[in-house]
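Trainee: Mind having a look at this structure? Questions to follow.
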Amino acid sequence: MTTQQPSLQQLHKLLLRYHRRLGLDQQQYVLLHSCIHFDDMNVIVEVTGLPKEQIKKTLMELANRKVIAFTPNKNIDLNHLYSLLTMVAQDDIPFRDVLIQEYINEKDNNGNHIGHVELVPMNSGIAVRLGNGTFLSNSRLKELAEEFGLFAESIREEEIWKVNLQLLSQMQDEEKIDKIVRSG
């Protein structure tokens, strides 16, 4: 019923920790846990005490709710489940800490752009899409708005203009150097 990929121990740990956040009740949790461990429907019936039809129905409900997905071989896609659980786990980390960690990772990898996001105009307001294609949750948007407010209250407009002018000058100097290197 499953495919192998992420560490099963890590997957089970995340599933145990966040199954309620996915909207799973105890019976659905036990079923999903059993399906991850066992490939044999008869064993799953024995472990869960559910009839085959109820197991199939419950798995389809979970798939319709996008909690699980199936591989072409009709197995549970563990990568999908792991990604979903990881996303839920990330949502528990304060947004500021996520950005700090991303900043550190980018600097360690000689990255030059931090916080890859896209601002997306919506019918009502602006959404924020992350580099992985997902949108920030409402709670994350509120955290971000609060951080923007803290920054706006802590800095004067003149300071922002001064920094922007320095950055503009620095970019122009880099362009001049690029032109010299390319023409030489």
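Trainee: Could you tell me which of the residues Val98, Val120 is surrounded by 12 or more Cβ atoms within 10 Å (Cβ to Cβ), modelled with pLDDT under 90 and under 22 Å from Phe151 (Cβ atoms)?
Mentor: Checking each option against the conditions leaves just Val98.
Trainee: Which numbered condition in (1) in a loop (DSSP other than H, G, I, E, B); (2) surrounded by fewer than 14 Cβ atoms within 10 Å (Cβ to Cβ); (3) free of Cβ contacts under 8 Å to residues at least 60 places away in the same chain is the only one that Leu50 fails?
Mentor: It is condition (2) that Leu50 fails.
Trainee: For Asn73, which of the numbered conditions (1) in contact (Cβ under 8 Å) with a residue 12 or more places away in the chain; (2) surrounded by 12 or more Cβ atoms within 10 Å (Cβ to Cβ) fails to hold?
Mentor: If we test Asn73 against (1) in contact (Cβ under 8 Å) with a residue 12 or more places away in the chain; (2) surrounded by 12 or more Cβ atoms within 10 Å (Cβ to Cβ), just (2) comes out false.
Trainee: Can you give me the number of residues within the stretch 8-31 that are without any contact (Cβ under 8 Å) to a residue 40 or more places away in the chain and either hydroxyl-bearing (Ser, Thr, Tyr) or touching a Leu at 6+ places or on another chain (Cβ under 7 Å) (or both)?
Mentor: Of the residues in that region, 3 qualify.
Trainee: For Arg65, which of the numbered conditions (1) closer than 19 Å to Thr134 by Cα; (2) in contact (Cβ under 8 Å) with a residue 24 or more places away in the chain; (3) within 16 Å of the chain's Cα centre (by Cα) fails to hold?
Mentor: Here Arg65 clears every test but (3).
The values are calculated or read from the model by the stated rules, or taken from the named source; none is laboratory data. Because the structure is predicted, anything quoted here is derived from the model rather than measured. All Cβ positions, even for glycine, are placed from backbone atoms using ideal geometry, and neighbour counts span all protein chains on display.
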